[in-house]
Ligand SMILES: [Zn+2]
Ligand SMILES: [Zn+2]
């Protein structure tokens, strides 16, 4: 059995056709015939060597496809796989449904070959059934981008919460939709005034090119890659408000201590989400017709597609199709 993929051998080198022999299926593993794979900014970081020597690299961790081998009750199931492909299954984190924090967690396309391919094998616990109502192409970006914004929303927000989303891109456009679906009052923050109509279409009640009014928000999700004005955004939180950092900002966050202390505010980060979070996020998406807005490209055009993501040109997520 040979899997056909696209791999890059060095940082910033082109992806080229690449064949590999998959690891043997262990009990509980599934083999998936991939129909779609979204492109996340993490794929760009990996391909550009920002996160070390990860080569040869087959990127791709927003995978949708159909199970063709594994436990008999999984055969034929349409599933999605995100950043995480496995975990130890026995540590404190795994036993409490927090698999993302497992010290033995395995990444789908770091140390293993990812979704720019015709097939993949992963631990079946991390291949999550896709609800029927969700089309495969627009569901793919939910597997990483969607759950990344859903996890802090589920932790810190609920109906009526005032939620701000900084950055209207791959993550931000999903955050607006999911926050709206949860019944939050949603404010979008973008430096691009031309994104207002899209932001409102995604569910934003309010749109600002600047910073929030003081004490106006319960939760801020920062999906932008730039270092934010923490004085303004922390000050924009109500007492006990939470600032959740999701984008990989290039520099340190400058947190004014008095804004933390005065309102008992929290600055925190969040990484992807556990299988349970992915399942509940997909359920919410199915109920409220949350869909990534995508540009489709054939798998063999992965170089051009990766480059559009690198240059922030994708509106709002590139999805490769086999
Ligand atoms: Zn990702
Ligand atoms: Zn574990």
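What about residue 174, is it in the same structural domain as residue 314 (by TED's automatic domain parsing), more than 16 Å from ligand 2 (Cβ to nearest atom) and in contact (Cβ under 8 Å) with a residue 12 or more places away in the chain?
Answer is no for this residue.
Select the strands (runs of 3 or more DSSP E) contained entirely in the stretch 247-322, then report the ones holding at least 1 residues which are modelled with pLDDT under 95.
Counting at least 1 such residues, we get 266-269.
Filter the stretch 139-164 down to residues that are part of a helix (DSSP H, G or I) and away from ligand 1 (no atom under 16 Å from the Cβ) and give me whichever is surrounded by the most Cβ atoms within 10 Å (Cβ to Cβ).
The selected residue is 153.
Select, from 161, 190, the only residue that is outside the structural domain of residue 313 (by TED's automatic domain parsing) and farther than 25 Å from residue 310 by Cβ.
The conditions single out 161.
Can you confirm whether the stretch 106-124 contains a residue that is in contact with a helix residue (DSSP H, G or I) (Cβ under 6 Å, 6 or more places away or on another chain), assigned to a strand (DSSP E or B) and at pLDDT 95 or above?
No: the stretch 106-124 contains no residue that is in contact with a helix residue (DSSP H, G or I) (Cβ under 6 Å, 6 or more places away or on another chain), assigned to a strand (DSSP E or B) and at pLDDT 95 or above.
Which one is farthest from ligand 1 (Cβ to nearest atom), of the residues in the stretch 75-107 that are more than 12 Å from residue 271 (Cβ to Cβ) and surrounded by 20 or more Cβ atoms within 10 Å (Cβ to Cβ)?
Residue satisfying both the conditions and the ranking: 94.
The values are calculated or read from the model by the stated rules, or taken from the named source; none is laboratory data. Please read all numbers here as calculations on a predicted model, not as lab measurements. So basically every Cβ, Gly included, is an ideal-geometry build from the backbone, and we count neighbours across all protein chains shown.
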